[in-house]
Structure formats: structure tokens, C-alpha cells
1. Would you calculate, for the chain, the mean residue ellipticity at 222 nm contributed by helices, counting each DSSP H stretch of 4 or more residues as -39,500 (n - 2.57) and dividing by all residues, to the nearest 500?
2. Explain nothing, just compute: Karplus ³J(HN,Hα) = 6.51 cos²θ - 1.76 cosθ + 1.60, θ = phi - 60°, for every residue of the stretch 119-128 in order, whole Hz, x for Gly and Pro.
3. Would you work out the charge dipole size for the stretch 7-103 about its Cα centre, treating the Cβ of every Lys and Arg as +1 and the Cβ of every Asp and Glu as -1, and quote it to the nearest 20 debye?
4. Between 173, 28, 132, whose Cα lies farthest towards the positive end of the dipole of the chain when Lys and Arg beta carbons carry +1 and Asp and Glu beta carbons carry -1, centred on the Cα centre?
5. Please rank 170, 13, fewest neighbouring Cβ atoms within 10 Å first, as an exposure proxy.
6. On a 26 Å Cα-Cα criterion, which of the cross-link pairs 40/82; 11/40; 36/148; 38/73; 22/94; 29/94 come out too long?
7. Explain nothing, just compute: Karplus ³J(HN,Hα) = 6.51 cos²θ - 1.76 cosθ + 1.60, θ = phi - 60°, for every residue of the stretch 86-98 in order, whole Hz, x for Gly and Pro.
8. How do 52, 98 rank when sorted from fewest to most other Cβ atoms within 10 Å of their own Cβ?
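What follows draws every value from the coordinates through simple rules; no lab data is involved. Since the structure is predicted, the reported quantities are computational estimates derived from the model, not experimental observations. Reconstructed Cβ throughout: ideal geometry from the backbone, glycine too, with neighbour counts over all protein chains shown.
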Amino acid sequence: MSDTNNSVDIKRRLALRNASFKALMPIWKKNQISVKLKLKLFCSIIVPVAMYGCETWTVRVNDSRRLAAFETKLLRQIAGIKYVDRVSNTDLFKRLQYKTIILNRVRIQQFRWLGHVQRMCNDKLPKIAFESRIHGFRLHGHPSKCWKESICDCSLPSPLTMAQNREQYRRQVHSLVRI
């Protein structure tokens, strides 16, 4: 397994998120508590557990599917919607008025970290690690994308140079995630 594969960490974070969700199961099942309050609890307790350390993840397609499926599964439990009810994910988000999908939150955190590292002094360890190249041989086959390549594949025009202007960078990041 390569160092850029974060699937193990993502699975571990989702398992911790699942455990924290199950610990609060009596709250999710109570009909006296409004769905709006349950959603606030979900966003303030459960989502941060899953997203811890997401700034440095290299999110692959399988990982993004796993994150999205896990999120909708928990939201369905909060809303009391069963799989046999045949409610689409878009209808689920509309019913709950849930706007910020976890994948968008991960991307925002990654762009925030990128901007932070780009504005650092050149003698700081994260900046040195970010700009360094490892010399040597690699294994045969298609190389895995590193974090820098995955974050620069976005629709932002040159995010590495844009990060120096903090306000403009912040506006661009939030507009990209809204799209």
C-alpha cells in the first residue's frame, strides 16, 4: 500500500463516526425531538468525527462514494426514511433542508489547508514537505496521485499562486464548492 492511499484512514474515521452515531441512537429514534435539532446534532457531533484529518486525504473515487453513501445512510436514519420507501437522495436533502454535503466540506478543508501552507514561511516544516520531491525509483505501473496533484486538478485557475491573496482565494474556493 502506498503512502498516498488514505482508504484505511477514511474507513477508520467512518467506523468512529458510526460508533458515535450508534451511541446517540436513543436521540435519533425519539419522535419528541425535531428533525431540525437532530440535524444540528448530526452536523456538530457526528460530521466532525468523520472529517478529522481530512485536510491531508487524497480522496479517491471509491472513498468519495463511501463517504457519500455513509452520509446518506445516517441522514435517512435521522429522517426516519427506510430504504423500501424509495426516496431519492436529492429528495432526502430537500426534506431535511441539508445543504452541505460532506465531500464539499472535505474539499473546503483541503483548500483551506493548501492556502495556509502556501502562505507559510519557506522554513516551516509543512511548507518544506509540500514543496519537496522524493528522489529514487518508483514501482511499475501508473503512479498514484499525490495530494498536491489531486488538489490542483480542480477548476480553480492556479490555486497555488492564488492562495497568496487570502480574500480572493477564499471567495474562489467557496464559489467552486457551491458549483
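1. Computed ellipticity for the chain at 222 nm equals -17500 deg cm²/dmol.
2. Rounded to whole hertz, the list is 8, 6, 5, 5, 8, 7, 4, x, 5, 5.
3. Roughly 320 debye for the stretch 7-103.
4. 28
5. The most exposed by this proxy come first: 170, 13.
6. Those over the limit are 36/148.
7. 6, 9, 6, 5, 5, 5, 4, 5, 5, 4, 8, 6, 9
8. Least to most surrounded, the residues fall as 52, 98.
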